[in-house]
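Step one of this worksheet: look at the structure below.
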Amino acid sequence: MGRESFWKTDPTDELRVGDGFVLADRPTDARIGFDGGKSDGAKALAEGAAILNDLQERLYAAGIAGDRRRVLLVLQAMDTAGKGGIVSHVVGAVNPAGVHYKAFKKPTEEELAHDFLWRVEREEPAAGQIGVFDRSHYEDVLIGRVRKLAPDDEIERRYGAIVDYEKKLAFAGTTIVKVMLHISRDEQKARLAERLDRPEKHWKYNPGDVDERLLWDHYQEAYQVAFDRTSTDYAPWYVVPADRKWYARLAVQHLLVQALEGLDLGWPEADFDVDVEKARLAAS
């Protein structure tokens with residue numbers, strides 16, 4: 001049974017944020033479009049990894065040959081939703097030479113001295129690369145909004161600035177895939193408890209995560225506003241159920257494969273005479 005046979009329907013449209021989207025109504029434990037369990041998901045992920053790796057190599061080769069296109073994966077989520085697993089199990093399956101990864105942390109003093117997009121613009125993927133933003137410019141309208149880290153009028157300005165910025169990226173040849181990993185509050189609690197129960201996971205635990213949990217509803221509202229204001233045709237949002245880690249990884253892989261397939265990538269043509277080079281090599 002091949003990878004595609006597990007997908008009973010293409011999940012893309014159902015995962016995509018469209019008109020009338022309500023985050024509170026979206027399931028966190030669904031297997032949208034997938035007709036199988038965890039073991040089936042592992043098989044499908046492995047087969048998809050080979051497909052993704054081939055497409056990424058084609059993109060990288062095209063970039064070397066002068067093609068300006070690139071792909072940007074934006075990952076946003078509440079803590080423990082599985083962003084790291086996506087990076088390891090999905091993006092980690094391709095050649096790292098063609099990947100530009102950036103995890104955005106609390107802004108430094110230098111970053112705070114500039115506009116909020118300044119640090120993001122410095123980390124854009126180059127032509128031929130898959131870029132990955134582990135958190136992103138959306139932190140500035142999520143935690144920025146919930147924690148009131150900027151005046152209300154500045155938060156409002158940022159939505160428009162984000163739309164303009166992503167439009168510029170798209171028109172310059174960037175295919176943007178924005179993913180929110182949608183985890184339930186109960187599942188997050190279980191994952192945090194596991195981190196406390198296992199010494200080898202203590203390094204992953206941050207006491208501040210509990211403080212953020214107390215603001216759960218506020219964050220859900222902030223995400224809803226961000227979706228309403230910034231999901232566009234050229235930079236759509238996708239909300240992926242994340243209570244099942246294996247499904248979330250598979251769904252994000254599917255979205256990346258689909259984005260790359262949409263570029264219709266062939267192999268660059270040789271800029272030299274192949275037959276002549278074969279003869280020269282044989283004679284050398």
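The values are calculated or read from the model by the stated rules, or taken from the named source; none is laboratory data. Predicted model, so just to flag it, every value in this text is computed and none were measured. Neighbour counts are summed over all protein chains in view; Cβ atoms, including those assigned to glycine, are modelled from backbone coordinates with ideal geometry. The accessibility values were calculated without ligands, DNA or RNA, using every heavy atom of the protein model including side chains. Shrake-Rupley method; radii C 1.70, N 1.55, O 1.52, S 1.80 Å.
Only protein atoms count toward the accessible area here, which uses a 1.4 Å probe; on the chain, the carbon and sulfur part of that area reaches 49 percent. Per-residue ellipticity at 222 nm computed for the chain from its helices equals -14500 deg cm²/dmol, with DSSP H segments shorter than 4 residues left out and the rest contributing -39,500 (n - 2.57). Over all pairs of different C-alpha atoms, the range 1-129 has a mean inverse distance whose reciprocal, the Kirkwood radius, equals 17.6 Å. Principal axis extents of the Cα atoms in the chain, from largest to smallest and rounded to whole angstrom, are 73, 48, 42. Remark: accessible surface ordering of Ser184, Ser136, Ser88 (largest first) is Ser88, Ser184, Ser136, probe radius 1.4 Å. For the pair Asp54 and Glu121 in one chain, pulling the backbone fully straight at 0.36 nm per residue adds 21.3 nm over the alpha carbon distance.
Using the average count of surrounding beta-carbon atoms within 10 Å as a protection proxy, the listed peptides 266-278, 98-110 rank, highest first, as 98-110, 266-278. Between Asp13 and Lys278, the FRET efficiency from the beta-carbon distance, with R0 = 41 Å, is close to 0.30. In the context of the full set of protein chains, residues of the chain present 51 Å² of accessible surface per residue (probe radius 1.4 Å, heavy atoms only).
Simple spin-label estimate for Glu194 and Asp217 gives 2.8 nm between the two label positions (7 Å along the Cα-to-Cβ direction from each Cα).
Spacing of the modelled spin labels on Asp164 and Arg229, each 7 Å from Cα toward Cβ, amounts to 1.4 nm. Derived from the Cα gyration tensor, the three semi-axes of the equivalent ellipsoid of the range 155-284 are 43, 25, 13 Å, largest first. A viscosity of 1.567 mPa s and a temperature of 4 °C, combined with the Kirkwood radius over Cα pairs in Stokes-Einstein, give a translational diffusion coefficient for the range 69-150 of 95 µm²/s. Amide H to amide H distances under 5 Å link Met78 with Ile183, where only residues 5 or more positions off or on other chains count and H is placed in the peptide plane.
Length gained on full extension, Lys204 to Lys43: 55.2 nm, using 0.36 nm per residue less the C-alpha separation.
Helices assigned as whole DSSP H runs in the chain whose Cα atoms extend at least 30 Å along their own long axis and whose mean Kyte-Doolittle hydropathy is -0.5 or higher are found at 38-64. The label-point distance for Phe21 and Lys148, in a model that sets each label 7 Å from Cα toward Cβ, rounds to 2.9 nm. Principal axis extents of the Cα atoms in the range 1-52, from largest to smallest and rounded to whole angstrom, are 36, 20, 16.
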